[in-house]
Amino acid sequence: MHIEYKELKPLSIKGATMLVGFPTSGLVGSIAASYLANRLEMEMVGYFRSEKMPPVTAIHDYKPMPPLRVYKSDRYNLVVVLSEIVTPISLSSEMASEISKIAEKIKSPLLITLGGISLHQDEESVYGISTSEELVASLEKRGQIKRVKEGATTGVAGLLLTPGIAKTPVLSLLAETLEEQPDPKAAANVLKIVAKILKIKLDTGELEEEAKILSQATREAVLSSKKTKRKQLGQMYG
């Protein structure tokens, strides 16, 4: 056993939806899960640790925190597994198994993984993949997600979609994102779908504002880089 779950408080909740956010493309999963836990004022009830995981301690609001945490909300009947570190490949299968065990323990009706995908199509799109054909077909019919015909999804989220890993139905929500930088806009897009599925009100305004600031900073950095390049190469070059 390489992964240990440390319980801070009993996970005394039944029939709760589970959300899992890991740092994939654009860090969408981590950003979305963190925002959701904070916005809904969820309670941290435990964390995962392993000697094989990166030696990292997260710091939030001046407090040191484990990077792979579990939150719950009795009010919203919700459990969130949030990771701020990339799970080593050697631990991915065991991590997926541990998450599945929690879902089974609380008798969760649905396990939703959040992440990003770069298909370079509609930047507002959210794609859905599920072990339940009925669920993904229903979401597509309502215009909430698009489907992925061909491709691959990796890591813990990918393993959770593998038949037999989780007894709970699994839905993977992937927002169109930029791979090379954190993408709060994509996180906001995926959370809007989560809010519809859970039938809760969720203000994503702060994430969208962060996206505008980041976008402006990126544009300024690009312009600055081009100006520097022109000075170095002369005006005849781009």
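What the table shows:
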{"quantity": "Number of the exception - HIS120 against (1) farther than 20 Å from THR162 by Cα; (2) modelled with pLDDT of 95 or more", "calculated": "(2)"}
{"quantity": "Answer residue from region 142-160, given it is without any contact (Cβ under 8 Å) to a residue 40 or more places away in the chain and among the aliphatic types (A, V, I, L, M) and is nearest to VAL20 (Cα to Cα) among those", "calculated": "ALA152"}
{"quantity": "Residue count for region 76-130, restricted to those that are surrounded by fewer than 20 Cβ atoms within 10 Å (Cβ to Cβ), hydrophobic (A, V, I, L, M, F, W, C) and farther than 25 Å from HIS2 by Cα", "calculated": "2"}
{"quantity": "Residue within region 148-170 that is of a type outside the set (Lys, Arg) and in a strand (DSSP E or B) present", "calculated": "yes"}
{"quantity": "Among residues of region 38-65, those that are crowded, with 20+ Cβ neighbours inside 10 Å, at pLDDT 90 or above and assigned to a loop (DSSP other than H, G, I, E, B), counted", "calculated": "1"}
{"quantity": "Residue in region 172-192 that is modelled with pLDDT of 85 or more, part of a loop (DSSP other than H, G, I, E, B) and surrounded by fewer than 14 Cβ atoms within 10 Å (Cβ to Cβ) present", "calculated": "no"}
{"quantity": "Given (1) buried (at least 17 other Cβ atoms within 10 Å of the Cβ); (2) part of a loop (DSSP other than H, G, I, E, B); (3) touching a strand residue (DSSP E or B) at 6+ places or on another chain (Cβ under 8 Å); (4) not hydrophobic (A, V, I, L, M, F, W, C), index of the condition LYS72 fails", "calculated": "(2)"}
{"quantity": "Given (1) in a helix (DSSP H, G or I); (2) closer than 20 Å to MET42 by Cα, number of the condition ILE200 does not satisfy", "calculated": "(1)"}
{"quantity": "Residue match in region 15-22 (condition: in a loop (DSSP other than H, G, I, E, B) and closer than 19 Å to GLY115 by Cα)", "calculated": "yes"}
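The values are calculated or read from the model by the stated rules, or taken from the named source; none is laboratory data. Bear in mind that the values here come from a model prediction, so they are computed numbers and not experimental data. Cβ: placed from backbone, ideal geometry, glycine included. Neighbour counts: every protein chain shown.
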